[in-house]
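J.: I have a structure I would like to understand better, so I am pasting it below and will then ask my questions one at a time.
Read the figures in this text as sums done on the coordinates, not as results from a lab. These numbers were taken from a predicted model, which means no experiment stands behind them. FYI the Cβ positions are ideal-geometry reconstructions off the backbone, even for glycines, and counts take in every protein chain you see.
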Amino acid sequence: MYVDQYIHPGILSDYVKFIPKNYHAQIINGELSVVATYDGNSESDEPIGVMVSADHQKWFEIVWVYMCKEYRTEVKSAEYLRYCLRRIARTRKYIGAFCEVQVEEEKALHSNVMALAGMELLYEKNNIYEMRLSQIRHRHTLLHAAEETECIPLSDADEDILDFIEDQIASDKRPIPFPSDVNWESYDDELSRICVIDDEPTGLLLFSHAAEYLVLDLAYSVSEKALPAMIGSALKYAESNYMPDQKILIPVVGTGISDILNRMVPDVTRGDALQAVTWFEDTPIKPAMQKMLDQMLPDKTNQGGLNDGYR
């Protein structure tokens, strides 16, 4: 018999060894949820499995799964995953569930477990673009755009500017991948840029660091002039402070920025990912379901899924 426990931020410290550090901040601010599952017939005080998840417009995303050593077999792991999917389906809150595993992280166990649990598997190009600083083309056009339109580094933005941008994004009807409780200190405040036109912020370009990569976390604008100006301004700074072979990761949401990337960097590369999906039988299937799923799956920037927890 399985027994579940919701892990709220106040007791996260008791479970940090089961969850990668890069998820902790998102759990604390409520972007991710955690449920630990115990074997009710065992005297062990450690969970057999820990699942980190996210909600996406009535879809349940499996972000990370940890399995204890005794359960790291295909049959037992699949049994646990089926149990979790049944529990999620019973809430009647979701159309279905999905997860995505980057191919370089994928093991046979991942695909076998998800298949045994009844999930549909599909290999696709992921939505994370990788390039090097020296690969960016049309640099003169971008640098000229930066000269024509004012852009300031995040470090120069006062509280009023930051509050204005937060309110602007919150009221935008477009789906913007921006946290409701943003931690500005998590971004590179010298490389990140804010576009200002007529004394009003009209764009935001946010960069952070991950291992040897610069990561473009957000490219937001409400003016046609803002995005090329911010890219040009950030490019000028980057060329003065990083080597030409500096690696850059760009998780892409939607087609607009991908079109721009393909023009700027024609030889930009994308990795491969294993996507697993299950639809819940108790949820009425609507004609727009497949369209919604097609729109959602490319939006994922997490590089997790059923991975390191099985190692």
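J.: With the cut-off at 30 Å, tell me which of the pairs Lys76/Lys247; Lys173/Lys225; Lys21/Lys58; Lys93/Lys247; Lys17/Lys173 have Cα atoms farther apart than that.
T.: Result: Lys76/Lys247; Lys93/Lys247; Lys17/Lys173 exceed 30 Å.
J.: While we're on this one: Under a crude label model (7 Å from the Cα following the beta-carbon direction), how far is Asp14 from His138 in nanometres?
T.: Here the answer is 5.4 nm between the modelled labels.
J.: Neighbouring Cβ atoms within 10 Å as the yardstick, rank Met1, Met114, Met243 fewest first. Kindly include the intermediate steps, with their values, before the conclusion.
T.: Values: Met1 7, Met114 25, Met243 11.
Ranked by crowding around the Cβ, least crowded first: Met1, Met243, Met114.
J.: Further, regarding this structure: Cut-off is 10 Å between beta-carbons; in what order do Cys84, Cys151 appear when sorted fewest neighbours first? Kindly include the intermediate steps, with their values, before the conclusion.
T.: Values: Cys84 22, Cys151 25.
The fewest-first ordering by Cβ neighbours comes to Cys84, Cys151.
J.: List the residues of the stretch 135-172 whose backbone N lies under 14 Å from a point placed 7 Å from the Cα of Asn241 along the Cα-to-Cβ direction.
T.: Under cut-off, by backbone N: 152-157.
J.: Classify the stretch 137-264: rounded, prolate or oblate, from the alpha-carbon gyration tensor (a ≥ b ≥ c, eigenvalue square roots; a/c under 1.5 rounded; otherwise prolate if a/b is larger than b/c)?
T.: rounded
J.: At 0.36 nm per residue, and after removing the present C-alpha to C-alpha distance, how many nm does the segment from Asp55 to Glu224 gain when stretched out fully? Kindly include the intermediate steps, with their values, before the conclusion.
T.: On the way: separation 169, 0.36 × 169 = 60.84 nm, distance 3.15 nm.
Taking Asp55 through Glu224 to full extension adds about 57.7 nm, to one decimal.
J.: Applying 1/(1 + (r/R0)^6) with R0 = 30 Å to the Cβ-Cβ distance of Asp160 and Gln26, what FRET efficiency is obtained, to the nearest 0.05?
T.: Details: r = 27 Å, r/R0 = 0.90.
Taking R0 as 30 Å, the efficiency between Asp160 and Gln26 is 0.65.
J.: In nm, to one decimal, how far is the Glu43 label point from the Val75 one, both placed 7 Å along Cα→Cβ?
T.: Roughly 2.6 nm, to one decimal.
J.: Treating only the Cβ of Lys, Arg, Asp and Glu as charged (+1, +1, -1, -1), what charge dipole size does the stretch 137-264 show about its Cα centre? Round to the nearest 20 debye. Don't jump to the answer; show the numbers that get you there.
T.: Values: 9 positive and 25 negative charges, 197 e Å.
Here the size comes out at about 940 debye.
J.: Scan around Gln246 for amide H atoms under 5 Å from its own, H built in the peptide plane at 1.01 Å from N, and keep only partners 5 or more places away or cross-chain.
T.: Amide H neighbours of Gln246: Leu133, Ser134.
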